[in-house]
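> What follows is a single structure, and I will ask about it in a moment.
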Amino acid sequence: MVERYSREELAGVYRAIRERRDVRSGFAPDALPQELLIRLLGSAHHAPSVGLMQPWRFIVIQSRAIRERIFESFQDASSQEHKTYSGERAEVYSRLTLQGILSAPLNLCVVCDCASPRGHSLGRHTMPETALYSAVCAIQNLWLAARAEGVGLGWVSILDPERVKTVLKIPAPMRLVGYFCMGFVENFAAEPELERAGWERRLRLEDVLRSETFDQPWGTVQP
Ligand SMILES: Cc1cc2nc3c(=O)[nH]c(=O)nc-3n(C[C@H](O)[C@H](O)[C@H](O)COP(=O)(O)O)c2cc1C
């Protein structure tokens, strides 16, 4: 029989999943020790990938000058996004902290080499997008490991991907998957900041669960 994790180990896994947060503020200025950063990126690199293609590529960014250029892209994209809302929602939007590009000591860009021949296209014939999904799996590994290490990670997608690619000299065939702010934090909020701000609420498991076919709800979920 396969060895199960101990009760404590299991609790740790579920705790990291439950307590992971998207963090955009409250970063300590201290740089992450190199050893820790490599451990976190190593966790990302252990992710599953279609055909074992491992399409993720990580760019670690500390330079203030580069982060300022990315921040400019955020400002432009965010002001465009802001204009798509009106009334009370536009007001709430303007109060949200949606990035920590300059306040976090470290930024990370994850790109996907979707055209990589690695994995010999296994699993990608009918669903080429699985290369991107693989890179997202790496991000989730990183996010969970970071939480367990007391490191906050915030995903910043309010950016112009082409502009980010130019600033970071990312070759044209690569796809930008995610841009992140990263650093030690004192606290992780108990609930998503967007929930706290009244932007959106979390669904219950039974709201997203179906039985056998999409048109059949599962019903009440018993804990
Ligand atoms: C693909 C993706 C892109 C995101 N982009 C942004 C973003 O640009 N700005 C932001 O403040 N949060 C962003 N988030 C964070 C979500 O708002 C956050 O995950 C969600 O509100 C749930 O909160 P939690 O991660 O703390 O549980 C992004 C999350 C994902 C998964």
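> Could you sort H125, H82 by their accessible area in this structure, using a 1.4 Å probe and putting the largest first?
The ordering from most to least exposed comes out as H125, H82.
> Can you tell me which of M182, M127, M53 moves the most in a GNM of the chain? Springs connect C-alpha atoms under 10 Å apart.
So, out of M182, M127, M53, the one fluctuating most is M127.
> Still on this model: Calculate, in nm to one decimal, what E9 and Q80 gain on full extension: separation in residues at 0.36 nm each, minus their alpha carbon distance.
Difference between extended and current length: 21.1 nm.
> Now a separate question. Which residues make up the longest stretch of the chain clear of trypsin sites (Lys or Arg not before Pro) that lie in a DSSP loop with no more than 13 other Cβ atoms within 10 Å, not counting the sites?
It runs 5-168.
> Name the most mobile residue of A44, A28, A138, meaning the one with the largest mean-square fluctuation, in a Gaussian network model of the chain with Cα contacts below 10 Å.
So, out of A44, A28, A138, the one fluctuating most is A28.
> Quote the Stokes-Einstein diffusion coefficient, in whole µm² s⁻¹, for region 1-109, based on the Kirkwood radius over alpha carbon pairs, a temperature of 37 °C and a viscosity of 0.692 mPa s.
For the chosen part, D equals 186 µm²/s.
> Calculate, in nm to one decimal, what R39 and A190 gain on full extension: separation in residues at 0.36 nm each, minus their alpha carbon distance.
Length gained, R39 through A190: 51.8 nm.
> Quickly work out the Q222-to-R118 label distance, labels modelled 7 Å from Cα along the C-beta direction, and quote it in nm with one decimal.
Once both label points are built, they end up 4.6 nm from each other.
> For Cα pairs less than 8 Å apart in space and 6+ apart in sequence, what is the mean separation divided by the residue count of the chain, i.e. the relative contact order in percent?
32 percent
> Any idea how far the Cα center of region 31-65 sits from the one of region 177-214, in Å?
That distance is 23 Å.
> Taking only the alpha-carbon positions of region 84-223 and ignoring solvent, what does the Debye formula give for the base-10 log of I(q)/I(0) at q = 0.20 Å⁻¹?
Each listed q corresponds, in turn, to -1.26.
The values are calculated or read from the model by the stated rules, or taken from the named source; none is laboratory data. All figures in this text were calculated on a predicted structure; none of them were measured in a lab. Positions of Cβ are generated from backbone atoms using ideal geometry, with glycine treated the same way; all protein chains shown enter the neighbour counts. Heads up: the accessible areas ignore ligands, DNA and RNA and are worked out on the full protein's heavy atoms, side chains in. Shrake-Rupley method; radii C 1.70, N 1.55, O 1.52, S 1.80 Å.
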